[in-house]
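Note sheet for the following structure.
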Amino acid sequence: MRHSSLKTTLLFVLLLLPSRIGAQCHVDIGGELRQRILHNFDRLEQEKYRPEHVYLTEEQSGYWPGDTEGRTILGLVLDARSTGRQPLYLDEILRLLPSHLNAKGYLGTIHKGQADEQQLSGHGWLLRGLSEYYLWKHDTKALQLLRTITDSLFLPIEPYLKSYPLDPEKRIKNVGGASGNIVAVANHWRLSTDVGCIFIAMDGFLQATQVLNEAHIKGEAQRLKMAKEWTDLFLQCPLVKIEAQTHASLTGMRGLLRYAAMTGDKAYVTQAEQRWKAYKQYGMTEDYANYNWFCRYDTWTEPCAVVDSYMVASQLWQATRKAQYLTDAELIYWNALCHGQRDNGGFGTDNCPGKASGSDCIGVAAYEAHWCCTMRGGEGLSRAAEYAAYAVADTLFLTTFRDMTVRAQLASGGLTLTVSTLYPFQEDACIDLYVKDAPSKTVLAVPAFDWMTSPTVKVNGRALTWKKNHGMVTFSKRFRRGDHIKLTFTMHPQYVGVVNPANNTSETFRVTFGPLLLAAESCQGNLLYGEKLNSIGKLTFRGERSSTEVSPLYHLMSTKLKENSYARRLLFHR
């Protein structure tokens, strides 16, 4: 594994607030996130994802043309951008792309008079990969490919959007595997068991529209017209009733937020909030991952959806500053995203504890979803680095606590500070911030999560007055080079309820420490609700009456998940 410095150039754009466009943070990320990104990068440079293997026939792809290719390009681009490490095979993958396109300029079969939502979905990832590559390298060849695919595959299906089947009674339910398949043809549409995957295509089309229109490529009006029609279709879709795939639905929510940024219309943020609320109620598991479809609680998780959920929560916080979204993102990262990454750097699926599965334990469903989730994991980890710091006017926001160096360009000048912490793996947590350079006026804002008890802020050993505002601890000072800011707080084990009451009994509960879910090492033993949990070291706690021991579900790419016997008890009963 190469250990080059992780340098992420972050261009944070606050949705709907054009005056704040252009605020910049440069982050060198460290700690466990650094290890995760580099290990995922290594996985994406192994044989399966190299130029001679990444281009698949339709049959090899399971009839998802463009999906493997697009996700691989996207993962490599974002891993490379967040690390500063040059990808070994990306240039050759892109060079070969035109030779694999059909006569119309895209991948797969030309379906005359029909729209194949799996083909569109796969090309949604291809558009996103090419868009992110163009934003990184400004390569005009990528721009031309974006235009070709958009004009030849996407724009021609505009007349069919209004006839996309939204009636729950006309959709086939309770079918489908980890990789979807075409299950019906209706109203010009070839429909997938990944219900609603057309909205994965929507987000790719919207980003391509942004890139092409900003580059003033001919066809702006037609692309914008279709963008409006597609987002309107998503707003009409009864995601829960139709039992849509949660991955597709969350990608659609990201599309709404993207469209809000494109148009400046706050109503689309509100609509995304409403759908996020429905996702948390009907689509989120007890470990903050996802059920593969809404209301189908006997299925499995999908790290692709976990990545999307993390991004939606983070972007909703950026757009609204509502504290709950920052909490959602924190819980998703430390429990769902981290648990899904395997020791080879890829990502795999887990089961869903609860009544429907008949299990209180979390275990491995598929060791690695190498055909999709491993590549999207690259985006999730890279976005975790990107979202870690955020500059607006004279305020620097830290959205979580990580080892990193942040260089922010504030309105009053440049700020450079390093962050060092063992959070969330300390009972008495300490976050040290060292100022290297500072402007005359600086406001720092850090999370005030509900699990933080008795927070204190000191500068060079002296207490500093702080305020709590919108779920953030904020403090300001004329910081100087060499200042040492120390934030401390305490965390304790807590008994909490369940995420989804419909898939659990009223007697079911969970246990947390800070943002970390605690789990028993096996499915045996049960905690007694409310009993004292005594620390026995290494974040392991023992029930005073039950003697059951629990420790974080979190792992750093543990080899234990390879074992057939791997199972950890997450749910307990009164």
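The values are calculated or read from the model by the stated rules, or taken from the named source; none is laboratory data. As the structure is a prediction and not an experimental result, all values here were calculated from the model. FYI the Cβ positions are ideal-geometry reconstructions off the backbone, even for glycines, and counts take in every protein chain you see. Side chains are part of the model used for accessible areas, which takes the heavy atoms of the whole protein and leaves out ligands, DNA and RNA. Shrake-Rupley method; radii C 1.70, N 1.55, O 1.52, S 1.80 Å.
Any residue in the stretch 494-515 that is part of a strand (DSSP E or B) and in contact with a helix residue (DSSP H, G or I) (Cβ under 8 Å, 6 or more places away or on another chain)? Write out each step before concluding.
First, the residues of the stretch 494-515 that are part of a strand (DSSP E or B): 494-496, 508-513.
With the extra rule that they be in contact with a helix residue (DSSP H, G or I) (Cβ under 8 Å, 6 or more places away or on another chain), the set shrinks to none.
No, that holds for no residue.
Can you find, within the stretch 459-486, the residue that is farthest from G537 (Cα to Cα) among those that are assigned to a loop (DSSP other than H, G, I, E, B) and open to solvent by less than 70 Å² (accessible area, probe 1.4 Å)?
Within the stretch 459-486, the first condition is being assigned to a loop (DSSP other than H, G, I, E, B), and the residues that meet it are 460-461, 464-466, 470-471, 478-483.
Cutting the leftovers down to open to solvent by less than 70 Å² (accessible area, probe 1.4 Å) gives us 461, 464, 471, 479, 482-483.
On the way: G461: 29, L464: 32, G471: 30, F479: 37, G482: 34, D483: 33 Å.
Only one residue tops the list, namely F479.
Would you check which residues across the stretch 223-256 are open to solvent by 10 Å² or more (accessible area, probe 1.4 Å), part of a helix (DSSP H, G or I) and farther than 18 Å from T150 by Cβ and list them?
Of everything in the stretch 223-256, those that are open to solvent by 10 Å² or more (accessible area, probe 1.4 Å), part of a helix (DSSP H, G or I) and farther than 18 Å from T150 by Cβ turn out to be D232, L235, Q236.
From the residues in the stretch 487-524 that are among the aliphatic types (A, V, I, L, M) and surrounded by fewer than 21 Cβ atoms within 10 Å (Cβ to Cβ), which one is nearest to V459 (Cα to Cα)? Explain how you work it out, then say what you get.
Kept after step one, since they are among the aliphatic types (A, V, I, L, M), are these residues of the stretch 487-524: 487, 491, 496, 498-499, 502, 511, 516-520.
Right, trim to surrounded by fewer than 21 Cβ atoms within 10 Å (Cβ to Cβ) and you get 496, 498-499, 502.
Working: V496: 35, V498: 39, V499: 39, A502: 48 Å.
Per the criteria, the residue is V496.
Looking at the stretch 202-221 only, could you name the residues that are in a helix (DSSP H, G or I) and over 11 Å from Y134 (Cβ atoms)?
Quick first cut of the stretch 202-221, residues in a helix (DSSP H, G or I) only: 202-214, 220-221.
Selection gives M202, D203, G204, F205, L206, T209, N213, E220, A221.
Among the residues of the stretch 320-337, write down those that are small (G, A, S) and over 20 Å from E286 (Cβ atoms). Steps first, please.
Taking the stretch 320-337 as the starting set, the residues that turn out to be small (G, A, S) are 323, 329, 336.
Once the filter is applied, which keeps residues that are small (G, A, S) and over 20 Å from E286 (Cβ atoms), the stretch 320-337 yields only A323.
Yes or no: the stretch 199-212 includes at least one residue that is open to solvent by less than 10 Å² (accessible area, probe 1.4 Å), under 20 Å from R275 (Cα atoms), in contact (Cβ under 8 Å) with a residue 12 or more places away in the chain and among the hydroxyl-bearing types (S, T, Y).
no
Any idea how many residues of the stretch 76-96 are among the β-branched types (V, I, T) and within 20 Å of V27 (Cβ to Cβ)?
Narrowing the stretch 76-96 to residues among the β-branched types (V, I, T): 77, 83, 93.
From what's left, within 20 Å of V27 (Cβ to Cβ): 77, 83.
Residues that pass the stated criteria total 2.
Identify the single condition in (1) buried (at least 21 other Cβ atoms within 10 Å of the Cβ); (2) in contact with a Leu (Cβ under 8 Å, 6 or more places away or on another chain) that V443 does not satisfy, given that it satisfies every other one.
Going through (1) buried (at least 21 other Cβ atoms within 10 Å of the Cβ); (2) in contact with a Leu (Cβ under 8 Å, 6 or more places away or on another chain) one by one, V443 breaks only (1).
Considering each of Q281, Q318, Q271 in turn, give the residue that is under 30 Å from G363 (Cα atoms), touching a residue at least 24 places away in the same chain (Cβ under 8 Å) and among the polar types (S, T, N, Q).
Details: Q318 fails: under 30 Å from G363 (Cα atoms); Q271 fails: under 30 Å from G363 (Cα atoms).
Exactly one residue qualifies, and that residue is Q281.
Can you tell me which residue is surrounded by the most Cβ atoms within 10 Å (Cβ to Cβ) among those in the stretch 341-375 that are in a loop (DSSP other than H, G, I, E, B) and among the aliphatic types (A, V, I, L, M)? Spell out how you get there, then give the answer.
Within the stretch 341-375, the subset in a loop (DSSP other than H, G, I, E, B) is 342-346, 348, 352-353, 355-358, 360, 363, 367-372.
From the residues that got through so far, the ones that are among the aliphatic types (A, V, I, L, M) too are 356, 369.
Numbers: A356: 17, A369: 25.
Step by step, filter the stretch 341-375, then rank; the result is A369.
Condition (residue is closer than 24 Å to N40 by Cα, at pLDDT 95 or above and in a loop (DSSP other than H, G, I, E, B)) applied to the stretch 326-340: is it met by at least one residue? Break it down stepwise before answering.
From the stretch 326-340, those closer than 24 Å to N40 by Cα are 328-340; that's our starting set.
Keeping just the survivors that are at pLDDT 95 or above gives 328-340.
After this cut, where a residue has to be in a loop (DSSP other than H, G, I, E, B) as well, the list is none.
No, the stretch 326-340 contains no residue that is closer than 24 Å to N40 by Cα, at pLDDT 95 or above and in a loop (DSSP other than H, G, I, E, B).
State all residues of the stretch 380-414 that are at positive phi, assigned to a strand (DSSP E or B) and open to solvent by 30 Å² or more (accessible area, probe 1.4 Å); if no residue qualifies, say none.
Of everything in the stretch 380-414, nothing turns out to be at positive phi, assigned to a strand (DSSP E or B) and open to solvent by 30 Å² or more (accessible area, probe 1.4 Å).
Which residue is farthest from A272 (Cα to Cα), if the candidates are limited to the stretch 293-311 and must be open to solvent by 10 Å² or more (accessible area, probe 1.4 Å), in contact with an Asp or Glu (Cβ under 8 Å, 6 or more places away or on another chain) and not in a strand (DSSP E or B)?
R296
Among residues belonging to the stretch 525-568 that are in contact (Cβ under 8 Å) with a residue 24 or more places away in the chain and in a strand (DSSP E or B), point out the one that is most open to solvent (accessible area, probe 1.4 Å).
Result: E549.
Within 27 Å of D308 (Cα to Cα), surrounded by 24 or more Cβ atoms within 10 Å (Cβ to Cβ), touching a strand residue (DSSP E or B) at 6+ places or on another chain (Cβ under 7 Å) and among the small types (G, A, S): which single residue out of S82, S121 fits that description?
Working: S121 fails: touching a strand residue (DSSP E or B) at 6+ places or on another chain (Cβ under 7 Å).
When all the criteria are applied, what remains is S82.
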